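The values are calculated or read from the model by the stated rules, or taken from the named source; none is laboratory data. These numbers come from a predicted model, not from an experiment. FYI the Cβ positions are ideal-geometry reconstructions off the backbone, even for glycines, and counts take in every protein chain you see. Surface accessibility is based on the protein's heavy atoms, side chains included, excluding ligands, DNA and RNA. Shrake-Rupley method; radii C 1.70, N 1.55, O 1.52, S 1.80 Å.
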Amino acid sequence: SSGINAEWPLRPGEYEIFTSSYIDIECRSTNMTVYLTRSAFPHLIPSRVGLIDTTCGGGWNATHVYVTTNLDQCGTRVEYSTSLAKYTNYIVPDVVYPPTDNSNSEDTPHAVVNRGALKLADTSLTFHCSYPLLAHATIPAYAVSSSNFDIDGAGKREISFKIELYHDANYTRRYQESEYPIRADATERIYTKAIVVGDNARMSIWVDKCVATPNSDPEYVTRHELITDGCPQDATLQFHNATDVREQRFSFQVFRFNARPTAAVYLHCYIDVCRDGNEESRCAKGLDLCDN
């Protein structure tokens, strides 16, 4: 479908260029899917294609073979850098006769011919999806009950992170997105949850920054800092215990902007995503880094 024409056999150095033109990958918040154009891989038997965990098979149609894996399944591996979480898996072309990583006395990689076992590196098609460790989300959170308001923009959500609002400190009754912005009185509290949805269970989060504005622009000049560098800035802000390391709960008392008293209040929150169990991470240290 890309319009690239190639003749077999390919000249040295062309294989990678040719095949990459016929491989597509979709990175979603909870999973990733690889699509292979069947005409570019005529040796593939669709029913035998799998992943690191060879029990994870694929699907196919007349033109493509495709395999989907959740980010924490099918042998998917994750590596963390200072800014990214990189999830990697590879396609095993034939799960009935898979390659091996075991050494073999007959392996002669530097000779003209080789009678050793075929290795993973010789046959696998590695793919990966990378996700930023600093995620951002915006919602039109609330409007004071007596106000008239005009929603002037849709909230932005990064790939695997969102903000949710709840009715009370029990965090059992969540507001639906269709209810935003909720109506709130000046004496009420806004119960907020920041959460990484469907992501790897080995990750934890900490809210790095949360700012409120009267519109969907997080850099708007009229703004109120709720959390900065992971520490509370609003005198009414309280953190609440969470049941999962992939979420953080906090609340604050309702306020309005004097410059735009009838505007809905938007929340813009940024999170740090850390590897769970890393005691040196920002997520693990939490409020210990904040001034009392």
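Using the 1.4 Å probe convention, the accessible area of the range 24-98 works out to 50 Å² per residue with neighbouring protein chains retained. One quarter of the convex hull surface built on the alpha carbon atoms of the range 194-292 amounts to 7.0 nm², the projected area averaged over directions. Full extension of the segment from ARG260 to GLU79, taken as 0.36 nm per residue of separation minus the current Cα-Cα distance, would add 60.7 nm.
A simple spin-label model places the labels of ALA169 and ALA284 3.0 nm from each other, with each point 7 Å out along Cα-to-Cβ.
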